[in-house]
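To start, the structure itself, in C-alpha cells.
The values are calculated or read from the model by the stated rules, or taken from the named source; none is laboratory data. Computed from a predicted structure; not experimentally measured. Cβ placement follows ideal geometry from the backbone for every residue including glycine, while neighbour counts extend to all protein chains displayed.
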Amino acid sequence: MTTTTVQAPSIEERVARGAALLDEKQPDWFQQIDLDKLKLDCPARCVLGHLYGSFDRGAFVLGIAFKEAAYGFDGFEEHSELSALQAEWVRVITARREQVTR
C-alpha cells in the first residue's frame, strides 16, 4: 500500500490566493491597508479587519468563513507562522502599491 502525503499550501501560496480573492471583490484593497497598524494577530487590525471592520465580517462578506487559512487570513490565531504570514502580506501589499505608482 502506497501512502501519498499532501503538502499544505505555502504561506506565499495562501497569501496569493487571498490577494487574488480581494482583487476580485475589492480591487483597490491594498491601498486601504495601513501597514503601520497591520497586525495579523488582531481581528480588528488584520487584513480583513482593515477592509471590513473585523475579521469575522470580512470572512462572511467574502464567503470564506471557516476557510480563512486557505487564503492567508488566519494570522489572528496563535501559530508558529505568524511572523512569516505578516511579512508576506506586507510584501504583497508593498509590491501592489509599487506597481500602481509605476
ask   = Quick one: V15 ticks every box in (1) within 16 Å of R91 (Cβ to Cβ); (2) in a loop (DSSP other than H, G, I, E, B) bar one, so which box is it?
value = (2)
request  = Scan segment 14-43 for residues that are closer than 14 Å to A70 by Cβ and surrounded by fewer than 14 Cβ atoms within 10 Å (Cβ to Cβ) and report the count.
outcome  = 1
request  = Among the residues of segment 62-91, count how many are free of Cβ contacts under 8 Å to residues at least 24 places away in the same chain and part of a helix (DSSP H, G or I).
outcome  = 4
remark   = Among residues of segment 44-96 being under 9 Å from the mean Cα position of the chain (by Cα) and more than 14 Å from L21 (Cα to Cα), the residue surrounded by the most Cβ atoms within 10 Å (Cβ to Cβ) is G75
note = Within segment 30-58, residues of a type in the set (A, V, I, L, M, F, W, C), modelled with pLDDT of 95 or more and in a helix (DSSP H, G or I) come out as F30, V47, L48, L51
